[in-house]
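J.: One structure, as structure tokens, below. Some questions next.
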Amino acid sequence: MPRRLVLLVLCLTTVLAGCQSENAGLTLMPGWQVSRLAECADDRPDMLALSGDGQYLYQSCETSESPLAPSLARIDLTSGKRDILLYGLHRADGLKLAPDGSLWLGEETEDGLIWRIKNPGTMEPGQRVDRQRLVSSTDRIAPLLTAGRFSHEGIAFSDDGRFAYLADEWEEGCVYRFILKSQQLQVMHEARGWLDIPQPIEARVEAEKLHGHLFNRIEDMERLPDGRILMAETGTGRILVLDDRAAKPTVSIFLQHAGLRHPDNLEWDASRNWLWITDDHNPSILWTWDGKTFSQIASHKGSEITGIESGPDGSIYINLQYRLFRPALTLRLFENP
């Protein structure tokens, strides 16, 4: 090969590598750009939650149980600093800020619990949990035993602050309602509505006895502006909607699309009135739905897009998980001016 041609190939390779590095391998729809917020090592970042004041982005880490396993991270969006707040949970996944300002962190495992974290914005990094003895290094972190023991991924709160809705991410999982004031856990029955769970620690067994309505792996839940609760049923490729505004709850299909294979994380974008959906397929796809049109905003071959979250300024935050031989990333997507 002539020397000039070799140099040209090297230059093109360098340019393409630079583009790949800048976009982190994402294929973006025209009109969108991406910037890096943080590298996440092998922390397996999953769900995201933005603090009410917009300063912090919280991030669940789906690592296996270990005293050194990161379970919850906090990214300061002003400085870019990322701290590990909590170690020791098993496959931390579900993540949502509660009406009282506490952070709910759920474990996506058969014996998973919800852990309630008070004032996460001021908590010192490096806290520890012993999930076997149900103790932590600070009284600001405690298991919410009354919310049930099952695979906690989907979490949503009612618009009046009375209920938390919880989903068991299992092929035969149920949807639960947790009354915040009385701390009573209930399971949804298709004909009889909400039925009390006598022993929340045995929620799966109790739900089976009560013939709770079964779903095929509810991955995430998100509240719509009208108070209804969206649920991503990844086993069927559908987005369902739970309407609990009447005397008896109902569930119906909200969105189904031929391109949507395994819906995972959901986010309602109030600034655009869009629904964002991550698709856990190969390639992993970031979709939007504006009420009429289903659009692909980004995709990635070889990595999973997780944890969609929207900011009031129009920023969209995502993670890239399972990057081969490279650290996981947290990214910010934004539209061109």
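J.: Quick one: plug the Kirkwood hydrodynamic radius of the range 165-304 (C-alpha pairs) into Stokes-Einstein at 20 °C, 1.002 mPa s, and report D in µm²/s. Let's see the in-between values first.
T.: Numbers: Rh = 15.8 Å.
Taking Rh from Cα pairs, D becomes 135 µm²/s.
J.: If you don't mind, there's one more thing I want to ask. To the nearest 500 deg cm²/dmol, what mean residue ellipticity at 222 nm is calculated for the chain from DSSP H runs of n ≥ 4 alone, each contributing -39,500 (n - 2.57), summed and divided by the residues?
T.: On the way: 2 runs with 28 residues, N = 337.
Result for the chain: -2500 deg cm²/dmol, rounded to the nearest 500.
J.: Continuing with the same structure: I want to check the label-to-label distance for E172 and L214. Put each point 7 Å from Cα in the C-beta direction and report it in nm to one decimal.
T.: Reported label-point gap for E172 and L214 is 0.4 nm.
J.: What angle, in degrees between 0 and 90 and rounded to the nearest 10, separates the Cα long axis of helix 3-23 from the longest principal axis of the Cα atoms of the chain?
T.: That works out to roughly 20 degrees.
J.: By how many nm would the segment from L134 to T27 lengthen if fully extended, with 0.36 nm per residue of separation less the alpha-carbon distance?
T.: Details: separation 107, 0.36 × 107 = 38.52 nm, distance 4.31 nm.
Length difference between fully extended and current span is 34.2 nm.
J.: In addition: What is the dipole size for the chain, taken about its Cα centre, with +1 at each Lys and Arg Cβ and -1 at each Asp and Glu Cβ, in debye to the nearest 20?
T.: Numbers: 35 positive and 48 negative charges, 136 e Å.
Here the size comes out at about 660 debye.
J.: If you don't mind, there's one more thing I want to ask. Given a Förster distance of 30 angstrom, what is the FRET efficiency for R36 paired with D100, based on the Cβ-Cβ distance and rounded to 0.05? Display every interim value, and only then the final one.
T.: Details: r = 33 Å, r/R0 = 1.09.
Once rounded, the FRET efficiency stands at 0.35.
J.: For the pair L180/D243, report the inter-label distance in nm, with labels modelled 7 Å from Cα in the Cβ direction.
T.: Using points 7 Å along Cα→Cβ, the separation is 2.4 nm.
J.: Could I ask something else about it? What percent does the relative contact order of the chain come to when contacts are Cα pairs within less than 8 Å and at least six residues apart? Each step should come with its number before you reach the end.
T.: Values: 889 pairs, mean separation 48.4, N = 337.
Relative contact order of the chain: 14 percent.
J.: Per the Cauchy relation, a quarter of the hull surface: what is the mean projected area of the convex hull of the alpha carbons in the chain, in nm²? Working shown, then result.
T.: Working: hull surface 76.9 nm².
Dividing the Cα hull surface by four gives the mean projection, 19.2 nm².
All of the numbers you see were taken from the coordinates with simple rules; none came from a lab. A quick note: this is a predicted structure, and the numbers were derived from the prediction, not measured. Reconstructed Cβ throughout: ideal geometry from the backbone, glycine too, with neighbour counts over all protein chains shown.
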